[in-house]
Protein chains: 2
Amino acid sequence: MRNFIYKNPTQLVFGKGEIARLSSLIPTEKKVLITFGGGSVKKNGVYEEVISALKDHHYIEFWGIEPNPTVETLRKAIEIGKENEVDFLLAVGGGSVLDGTKLIASALATPETEAWDIVLKGKAAKTLPYASVMTLPATGSEMNNGAVISRSETKEKYSFYSAYPQFSILDPQTTFSLPKNQLANGLADVYVHVIEQYLTTTGQSRIMDRWAEGILLTVLEIAPQIMQNSQDYDLMADFMLSATLALNDMIRMGVIEDWATHMIGHELTALHGISHGASLAIVLPGIMKILKEQKHNKLLQYAERVFGLKEGSENDRIDQAIQQTENFFHSIGLATTLSEAGIPETAISIIKERFNKAGVKYGEKANVTGDLAEQILTIQK
Amino acid sequence: MRNFIYKNPTQLVFGKGEIARLSSLIPTEKKVLITFGGGSVKKNGVYEEVISALKDHHYIEFWGIEPNPTVETLRKAIEIGKENEVDFLLAVGGGSVLDGTKLIASALATPETEAWDIVLKGKAAKTLPYASVMTLPATGSEMNNGAVISRSETKEKYSFYSAYPQFSILDPQTTFSLPKNQLANGLADVYVHVIEQYLTTTGQSRIMDRWAEGILLTVLEIAPQIMQNSQDYDLMADFMLSATLALNDMIRMGVIEDWATHMIGHELTALHGISHGASLAIVLPGIMKILKEQKHNKLLQYAERVFGLKEGSENDRIDQAIQQTENFFHSIGLATTLSEAGIPETAISIIKERFNKAGVKYGEKANVTGDLAEQILTIQK
């Protein structure tokens, strides 16, 4: 096991009716900027719950943070925050609203630095206190310090780190009205978050392996049921909690991480607007196939413990596990090839060139270059 | 899933050589009381590492916090803390030293309240900042706010809650010299901590079940190897991390807990001085046998997922799982009956009477009374 430091101070407030707790969780002397996405929270009742809980607070609203939030949109919120001397932010919505809010809160805390420069630096020097009401199980943003921000004019998409949310409220009832494509994207995102922290060298930590496998098994168990019925409280509660636990530092203690799937997926999203979860469903099988030798032992463990594959040759078991991974994505309605997803093959050479030009080397072994990304996408074309 | 609030602010600093980080983790302006047990840290080099890291700090030492720490001993440390106007505490040793330090830190923060009254209240109003260098994987005290304190004169033993440690440093190398009985007690303690949060009603949370099972499987895998060789870094790292994760609030999100095994075990320790882990190895099989019907479904899941038992009637599988649980305790050298452990049968009626007199009702269903405790201990006599 590698040395590590873990500290996650976010308070997780979980369960039905918990949005009402906002009234006491945010001090009344705060000037709050509440941030929203496109308006789904007005349809599912979340907006009213939030506003009712904050009726004795001083707040203003900012609407319109888009999926894959752009710095161009966030700059408007930063201006409004400055003008109104905001000192607390509350994101209400999914991971995009919250990621965007992490940048707003960081830019407001360091007015001398331009917002995109904070993203390029990779880490905010300071962040105003902020919190979330999370309504979409997917990114895990509700209990981590990471955020992914896009820049429209250059089609770039990068992550940076802020402070952790002070608290996040998760009421599974708020997910009941999610459309099927968002459920599928969320399930894929959670699954691949775990894979990024799991599908590396074997023998690093038995307990971290078990916890990662525990989330994978849970997602595989609940996914088909959720796609049939997203109004079962206990199912959606396990989905929401799994999403949080997949990316809140708890399953990465002492182990190396990968993240090559995400880095290639981000490019597909930036270039073709495909949603984040859907991009991962294409890239992950390619990573498994092209890096099959490098990840041989862990793929074998994955085959046995996650899919119960114990018969046949090692290579057969690995091939079956990769096939079952693709089957899982298909079963929730996601494409696993570029052509199925309607992405032209030209994307492959563009990504290859962007990676090679930037000289990036992603993945646990720092060997996923532009050339390897080309192979990974070509096998999934 | 039940509603829950999770917030664990402790910083976990894990790995070889990390004790040196004390120099920067504790502000130099603090007056530190360092607390110790009986002196094993002088033999394994930990004392020297701590003192060397704190050479620029102002500190005093308190030695002699015993296993199952008593309020009588802790009162002496509280006096010394007051006289020296201590404002930070550092526990160096195992769970007993740290539990005792939680009471010292709480009593120093609320000088108007007598130490035992804080224990009886169950919750400290305030706690001075404190931290730990944990050298014994067992109690999980390094990342939770609980502590168990004994009172010699009345043979009582109760838990109370303080603040969480500011940080805990865990270097697996510090465990290499632990004697076999402490390894066994620690393994049993970790195993039963998980069981207390797992062996309840089924269907509460799929992901919490998987995480609990993940720790159980890890302990069962590493225990026989550790009893043969406690100097394997990766084995001891998985043991230490499992001990922390077994009782740091992470596997109890949204689920009911039991703790009847611990409550009866505490009585055996208070009355006969048997070590904590060893007491649990006797009580747990009794709980499983007497509450077999109530816990039928979860025992069946435990049989299948933890021991791979899928053949035979449901009752057979459950009986086998209970037998395998006893086998596990025996394999690490622990007794599972009162007579094996040298505890007289008279303990049974004394505990029955104490429970009935106090009117306690322990366990997930609040049905473990003195009469049920009598049955649980009688079947393990």
Residue separation between B:GLU79 and B:LYS365 times 0.36 nm, minus their alpha-carbon distance, gives in nm 98.8 nm
Inter-copy distances for B:ASP56, label 7 Å out on the Cα-Cβ vector, sorted ascending, nm, one decimal, are 4.7
Filtered hits (lysines, Cα-Cα < 16 Å from A:LYS292, offset >= 8 within chain) -> A:LYS365
Applying the gyration tensor rule to the Cα atoms of the range A:236-312 (axes a ≥ b ≥ c; rounded if a/c under 1.5, else prolate if a/b exceeds b/c, else oblate), the class is oblate
Sparse-neighbourhood loop hits (trypsin sites (Lys or Arg not before Pro), the range A:267-375; DSSP loop; Cβ within 10 Å at most 13 others) -> A:LYS310
Given Cβ charges of +1 for Lys and Arg and -1 for Asp and Glu, the option among B:THR10, B:ASN68, B:ALA53 whose Cα lies farthest towards the positive end of the dipole of the range B:1-68 is B:THR10
Bridge orientation stat for chain A from DSSP, antiparallel percent rounded to 5, came to 25
Computed from every Cα-Cα pair in the range A:68-225, P(r) in 10 Å bins starting at 0 and rounded to whole percents is 10, 35, 32, 18, 4, 0
Check: C-alpha center the range A:198-233 vs C-alpha center the range B:40-74, spacing in Å is 42
Reduced to Cα centres, the span from the range B:295-350 to the range A:84-144 in Å works out to 50
Under 5 Å from the placed amide H of A:TYR362, counting only residues 5+ away or on other chains, we find A:ASN367, A:VAL368, A:THR369
For the table A:LYS121/B:LYS31; A:LYS43/A:LYS381; B:LYS121/B:LYS352, the rows whose alpha-carbon distance is greater than 28 Å are A:LYS121/B:LYS31; A:LYS43/A:LYS381
FRET efficiency for A:LYS292 and A:LYS7 from the Cβ-Cβ distance with R0 = 45 Å, rounded to 0.05, comes out at 0.80
With only helices counted (DSSP H, runs n ≥ 4, each -39500 (n - 2.57)), the per-residue ellipticity at 222 nm for chain B, to the nearest 500, works out to -15500 deg cm²/dmol
Length gained, A:HIS272-A:LYS357, 0.36 nm per residue minus C-alpha separation, equals 28.6 nm
Once the in-chain neighbours fewer than 8 apart are removed, the aspartates and glutamates whose Cα is under 20 Å from B:LYS126 read B:GLU79, B:GLU83, B:GLU85, B:ASP87, B:ASP99, B:GLU112, B:GLU114, B:ASP117, B:GLU142
Simple SL model, points at 7 angstrom along Cα→Cβ for B:GLU153 and B:GLU48; separation in nm is 4.2
Plugging the Cβ-Cβ distance of B:LYS55 and B:LYS126 into 1/(1 + (r/R0)^6) at R0 = 35 Å yields, to the nearest 0.05, a FRET efficiency of 0.70
Measuring from its Cα centre, the protein assembly as shown shows a charge dipole (+1 at each Lys and Arg Cβ, -1 at each Asp and Glu Cβ) which, in debye to the nearest 20, is 360
Quick note, the range B:282-381: a/c under 1.5 would make it rounded; otherwise a/b > b/c is prolate and the rest oblate (a ≥ b ≥ c, C-alpha gyration tensor); here it is oblate
So, relative contact order of the range B:190-259 in percent, Cα under 8 Å, 6 or more apart, is 55
Chain B: relative contact order from alpha carbon pairs under 8 Å, six or more residues apart, as a whole percent, is 15
For A:TRP63 the rounded accessible area (nearest 10 Å², probe 1.4 Å, non-protein molecules ignored) is 80
Rounded to the nearest 10 Å², the 1.4 Å probe accessible area of B:GLU112 is 140
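The values are calculated or read from the model by the stated rules, or taken from the named source; none is laboratory data. Computed from a predicted model, the values in this text were never measured in an experiment. Note that we place each Cβ from the backbone using ideal geometry, even for glycine, and neighbour counts take in every protein chain shown. For accessibility, only protein heavy atoms count, side chains too; no ligands or nucleic acids. Shrake-Rupley method; radii C 1.70, N 1.55, O 1.52, S 1.80 Å.
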